[in-house]
Amino acid sequence: MVLLHVLFEHAVGYALLALKEVEEISLLLPQVEECVLNLGKFHNIVRLVAFCPFASSQVALENANAVSEGVVHEDLRLLLETYLPSKKKKVLLGVGDPKIGAAIQEELGYTCQTGGVIAEILRGVRLHFHNLVKGLTDVSASKAQLGLGHSYSRAKVKFNVNRVDNMIIQSISLLDQLDKDINTFSMRVREWYGYHFPELVKIINDNATYCRLAQFIGNRRELNEEKLEKLEELTMDGAKAKAILDASRSSMGMDISAIDLINIESFSSRVVSLSEYRQSLHTYLRSKMSQVAPSLSALIGEAVGARLIAHAGSLTNLAKYPASTVQILGAEKALFRALKTRGNTPKYGLIFHSTFIGRAAAKNKGRISRYLANKCSIASRIDCFSEVPTSVFGEKLREQVEERLSFYESGMIPRKNLEVMKEAMVQAEEAAAEITRKLEKQEKKRLKKEKKRLAAIALASPENSTSTPEECEEIRERPKKKKKQKLQEAPQENGMEEPPVSLAKPKKKKSFSKEELISSDLEETAGSGRLPKRKKSFPKEEPVSDPEEAENRSVPKKKRKSSFKEELLSSGPEEAAGIKGSSSKKKKKLQKLSQGD
C-alpha cells in the first residue's frame, strides 16, 4: 500500500502530514471538498507527522527563496530524510509547487504528486494549520506570514538605484513616441503656415527649425532687413536667411488674419518645446545607458542598445538570450512569416539600425549582423553581471567589429579574440580600481560632512540648554545688585558712620535696633505718657531721603524680623555679637534720658 504524505510550506516552518485511507480519498473528491471546511472531519483524514520550525526570519527567507526557485534546501532535505519512510517506492509525496516536486524527485528519489486531491488537502491544511501545530495561534501565524512576505518582497525588489533598466525602457519608449508626435505636429504646422508662406517649406527641411521660423516670422509682410540677423541665428546659414527674405517679398501665399497667426504661433511654440524636451530626454537616456549598460552603448550606441533592452524586457533577459535571438530581435513577424511560407528568414532585426550593417556590402550584411549579434550578447552579459560598470569591454568589442568589417572589404586579418580580451581585462581592472577609488573618496567626503553636521547639532543643543538658565539668573540678580548699590549710597547721604563689616547689613541692623528700642520702651514704661511722643519723634530724626528705606518701613514687622533672623543665620557669630552689643548700649542711653526727664 502506498503511503501518501503532504508537504506544506508555511512562514513558520515546514510541516509533513500523513493521510489516512488514501484509496478512498483519491476516489471521493467531493467528500474531501466538504470535509476540508470542518476541523473535526479534517482531523480524521489528516495527521501531523513532523513540524520543522525555522530558527529565524533570515532562515525563513532563505527557504522561501529556495522553494520559489525550485531548489531543495538543507532544512527540507533533513526533514524529508528523517521522517519519510526509508522505502521510497512505497511513499507518495504531495506538494503544491511542481518545481519543488521535480527537484525532490530528482535529488531524493521520492515520487511527487501535484494537483487534484493534493490541492484540496493543502487548502484544508492552510485553513486549519494553527490548530494542527501545538503552540501556534492564528495571530502569530498571520504575523509570521506578513513578516516573511515583506522580507521576500524586499529581497526581490532590492536593486541598485543607479542601475535600473526600467527607466531606460520608459525613456526609449517615450523617445520613439515623441518622434512620431513631433513629426505629425510639424507636418500640421507646415500645412497650416504654408497657406500664408508656401515658399518656406522648400527652403527649410528640418521640422524644429521650420516651427521656430514660423513662430518668429509671423506675417511675412513684416519681414525686413532688420530681422536678417535673427534669421541667420535660427537657420545657422546666411544663404538660407537671404533666400527666406527674398521669398517673403515675392511670395504667392494668401493673406492671413491676426487671430489665425496667434493660433499658428502658439501651436508652433508647443512643437518647439516638445522638440527641446526630446533633446533633453535623449541626453538623459545617454547618461542612464552609460550607468546601466556602458559596454552595450559603446558597442552599438545608446538608442539601439536601449531598444534591445526594451524589446527583451530587461537587461537580464537580454543577457540570457543567445546571439541568434539577439540577431533577429525585433523581426519576429518576418521570422514567423518566413517559417510559415518556407521562405528566407530575416538576417537582422533591431541591430540593423547600427552603423556597421549600413556600412557593410550587400553580400556581407548577414555575416556582419551575425558577428555583431555575438558581440552584443557578450556586452550585455558583461554589463549585467559585472559589479563595477565600465565601457572598456564595449570599446574593445567595437574595435573587433571594425576589424571584421575591414577584413570583409580588404582581407586584412583581424586580431584574435584572446589577445583583445587580455588587453581589455588589464584596462578594465585599472578602470575599476579608479572608479572604486573615486567612490571611496566620495563616501569619505560624505561621512565627513555627516560628522560635521552631527557635531554642529550636538554643540548647538547644549548651548541652547545652558544659555537660558544663565540668562534667567542674570535677570534675577540685576535687581539685587541695584538694591545693594542704593544701600551703599544711602549712608553717605545721611552722614552716619557705619561699621566696616558689610555695606548692605548695617542698614538692616539699624532698622532692627529701632524696632528693638520701641519694643523695650513699651515694656519698661507702660504707664508714662511722654514716651509715646518720643516714639513718634524718634523716626522723624532720621531723614527719609532714600525711597528704598520708605519701602522697608512700609514692610510689616514680622517680615523684617524674619529677614533679620535669616541674616543672622547667614552671618557669622562675631557679627551677631556686635549687633547685640550695639543694641544694649542704645537701651542704656534711652533709660538715662528717661530718668533725667
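The values are calculated or read from the model by the stated rules, or taken from the named source; none is laboratory data. Quick caveat: nothing in here was measured; it's all calculated off a predicted structure. When we count neighbours, we look across all protein chains shown, and the Cβ atoms used for this are built from the backbone with ideal geometry, even at glycine. What goes into the accessible areas is simple: the full protein's heavy atoms, side chains included, and nothing from ligands, DNA or RNA. Shrake-Rupley method; radii C 1.70, N 1.55, O 1.52, S 1.80 Å.
Here E395 clears all of (1) closer than 24 Å to D165 by Cβ; (2) free of Cβ contacts under 8 Å to residues at least 24 places away in the same chain except the condition numbered (2). The residues listed here are E470, E387; of these, the one that is out of contact with any His (no Cβ under 6 Å at 6 or more places or on another chain), at pLDDT below 85, acidic (D, E) and not assigned by the TED database to the domain that holds G301 is E470. In the stretch 249-267 there is no residue matching the filter, namely being open to solvent by 60 Å² or more (accessible area, probe 1.4 Å) and in contact with an Asp or Glu (Cβ under 6 Å, 6 or more places away or on another chain). Pairs please, first residue from the stretch 38-56 and under 10 Å from G13 (Cα atoms), second anywhere and among the polar types (S, T, N, Q), Cβ atoms under 8 Å, 6+ apart in sequence or on different chains. Short answer, once both residue conditions are applied: F54/N63. Here A303 does not qualify as open to solvent by 10 Å² or more (accessible area, probe 1.4 Å), among the hydrophobic types (A, V, I, L, M, F, W, C) and over 18 Å from K375 (Cα atoms). Listed by first and then second residue, the pairs linking a residue in the stretch 182-200 that is free of Cβ contacts under 8 Å to residues at least 12 places away in the same chain to a residue that is among the hydroxyl-bearing types (S, T, Y) and surrounded by 17 or more Cβ atoms within 10 Å (Cβ to Cβ), with Cβ atoms under 6 Å apart and 6 or more places separating them unless they lie on different chains, form an empty list. Of the residues in the stretch 51-67, at least one is among the polar types (S, T, N, Q), within 15 Å of L7 (Cα to Cα) and not in a loop (DSSP other than H, G, I, E, B).
When every residue of the stretch 23-46 is checked against the conditions, none turns out to be of a type in the set (D, E), modelled with pLDDT under 80, assigned to a loop (DSSP other than H, G, I, E, B) and open to solvent by 70 Å² or more (accessible area, probe 1.4 Å). Looking at the stretch 341-386, which of the residues that are in contact (Cβ under 8 Å) with a residue 40 or more places away in the chain and outside any helix (DSSP H, G or I) is nearest to T316 (Cα to Cα)? Taking the candidates together, the pick is S354.
Yes/no matrix, rows are residues, columns are (1) in the same structural domain as K20 (by the TED database); (2) in contact with a His (Cβ under 7 Å, 6 or more places away or on another chain):
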| position | (1), (2) |
| --- | --- |
| Y110 | yes, no |
| V133 | yes, no |
| A141 | yes, yes |
| N205 | no, no |
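The selection criterion, being open to solvent by 30 Å² or more (accessible area, probe 1.4 Å) and either under 30 Å from R278 (Cα atoms) or of a type in the set (A, V, I, L, M) (or both), holds for L127.
Considering only residues of the stretch 199-231 that are farther than 14 Å from R249 by Cβ and β-branched (V, I, T), which is most open to solvent (accessible area, probe 1.4 Å)? Ranking the qualifying residues of the stretch 199-231, first place goes to V201.
Looking only at residues in the stretch 327-351 that are in contact with a Leu (Cβ under 7 Å, 6 or more places away or on another chain) and of a type in the set (V, I, T), the one that is least open to solvent (accessible area, probe 1.4 Å) is I351. Annotation note: of Q400, Q442, Q427, the sole residue that is open to solvent by less than 30 Å² (accessible area, probe 1.4 Å) and without any contact (Cβ under 8 Å) to a residue 40 or more places away in the chain is Q400. Has the stretch 152-159 got at least one residue that is buried (at least 16 other Cβ atoms within 10 Å of the Cβ), on the phi < 0 side of the Ramachandran plot and modelled with pLDDT under 85? Yes; the residues of the stretch 152-159 include at least one that is buried (at least 16 other Cβ atoms within 10 Å of the Cβ), on the phi < 0 side of the Ramachandran plot and modelled with pLDDT under 85. For K240, the conditions (1) within 15 Å of E199 (Cα to Cα); (2) in contact (Cβ under 8 Å) with a residue 24 or more places away in the chain; (3) open to solvent by less than 70 Å² (accessible area, probe 1.4 Å) all hold with the exception of (3). When A293, A319 are checked against the criterion of being crowded, with 17+ Cβ neighbours inside 10 Å, among the small types (G, A, S) and in contact with a Lys or Arg (Cβ under 7 Å, 6 or more places away or on another chain), a single residue qualifies: A319. The condition of being more than 17 Å from Y14 (Cα to Cα) and open to solvent by 30 Å² or more (accessible area, probe 1.4 Å) holds for T111.
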